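Here's the structure, in structure tokens; my notes come after.
Every number here is computed from the coordinates shown, using simple stated rules; none is lab data. Since we're looking at a predicted model, the values are computed, not measured. Glycine gets a Cβ as well: all are built from the backbone with ideal geometry, and neighbour counts include every protein chain shown.
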Amino acid sequence: MTLPTFDELEGGRSWGLWGSDDKFGTLNLLTAANVRKGAACVKKGSVFAINLEMHMPDPPLFGREPFTHEVVWLQNEAGHDEHLSGWNTQSSSQWDGFRHIKHPVHGFYNGIADEDHGIHHWAQRGIAGRGVLADVGRWREAEGRPLRCDSSDPIEASDITGTLDAQGTTVEEGDVLLIRTGWLAWYRSTSVEERVEYIGRGHPSCGLRPGPENWRLLWDLHIAAVGADNGPVEVWPPAALASPEDLQAILASPERLDEVFMHIRLLPLLGLPLGEFFDLDALAADCAQDGAYEFMFTSAPLNLQAGVASPPNALAIK
């Protein structure tokens, strides 16, 4: 199947490319051949778990509540069970499923009712293939333009292509693209007091600039999914980069909201899964050391019927 370019998509939507009942979007590109391609990247047997600790960030961002973890005794004190209370699947490392965000005009991905989507579809299929890291944070620093992780510092499409070119990395159809901004390393360097103050400021974050250039780049790379080490993948807060005049015009036209909040384009219109809060620092250090930015990527989402999101349970294997 030859995929259209972004400019060839009708209305900038991928709907119907894999059938009218499709619930996988670009995950369809994880073919058996691309799984084998991922396996061929394993050279030295190094395994990197890229899942953040479940309690991080702490306090949670985006107004989410912390969960409680209670360890309880089994009968006759034979051992333990445990309870998680108030756990939000999107408070730490996560995949955003297609129930997470709808387009204000067109609805959920592929025109399917949200209750017919669910992370269980992805879980039962599994996510495995070739992964590629774009260490934008490291490249921007080397360029003398370090990302300001605690502000709405935009990552342009040219930053991603510049990073890939500098690394000598080629993105192939069906790859899972992981973007390291350095946000997580910055966050880990802060104190509890600084984190509370950061939330009070609306926790601004560097990230991809919303708009056609990044939509076009991510689609035309024909990747299976994209993940990053910051919270929203894109710059935060939404609309941070728009002028007051542009923002007023965009808010008056629901069809244009994806110009300030890229989730609305990527999830419901393009069917491109988003991974957030991926822990990429150790992987990035290893890639910088050996010059190999390709690896086998695996992820086993929760088999949660009609789930909105899931921890990725992801590994990068080199």
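Placing R0 at 41 angstrom, the Cβ-Cβ distance between S191 and S20 gives a FRET efficiency of 0.20 after rounding to 0.05.
Across the alpha-carbon set of the chain, the Rg to Rh ratio works out to 0.96, Rh being the Kirkwood radius. Karplus-based coupling profile of segment 273-282, in residue order and whole Hz: x, 10, x, 10, 6, 6, 8, 10, 5, 5, with θ = phi - 60° in 6.51 cos²θ - 1.76 cosθ + 1.60 and x standing for Gly or Pro.
Kirkwood analysis of the Cα pair distances in segment 133-200 returns a hydrodynamic radius of 13.3 Å.
Extension gain, V105 to S253, is 52.3 nm, computed as 0.36 nm per intervening residue step minus the present C-alpha separation.
Reducing segment 156-184 and segment 46-66 to their Cα centroids gives an inter-centroid distance of 23 Å.
Between W87 and V42, residue separation times 0.36 nm minus the direct Cα-Cα distance comes to 12.8 nm.
Between Q305 and E245, the C-beta separation translates, for a Förster distance of 45 Å, into a calculated FRET efficiency of about 0.50. Spread over its residues, the convex hull of the C-alpha atoms of segment 1-159 is 231 Å³ per residue. So for segment 104-245, what percent of the C-alpha to C-alpha distances run longer than 24 Å? For segment 104-245, the share of Cα pairs beyond 24 Å comes to 41 percent. Peptide packing: for 225-233, 198-206, 75-83, 173-181, the average count of neighbouring Cβ atoms within 10 Å per residue gives the ranking 225-233, 173-181, 198-206, 75-83, highest mean first. A straight line joining the Cα centroids of segment 199-216 and segment 219-295 runs 7 Å. Shape call for segment 257-318 from the C-alpha gyration tensor, a ≥ b ≥ c root eigenvalues: rounded (a/c under 1.5), prolate (a/b greater than b/c) or oblate? In terms of gyration-tensor shape, oblate. Under 27 Å Cα-Cα from K102, which lysines qualify once same-chain neighbours fewer than 8 residues away are excluded? By straight Cα distance, K102 reaches K23. Give the percent of DSSP beta bridges with both residues in segment 81-223 that are antiparallel, rounded to the nearest 5. In segment 81-223, DSSP labels about 10 percent of beta bridges as antiparallel. The lysines whose alpha-carbon is closer than 17 Å to the alpha-carbon of K318, local same-chain residues fewer than 8 away aside, are K37, K43, K44.
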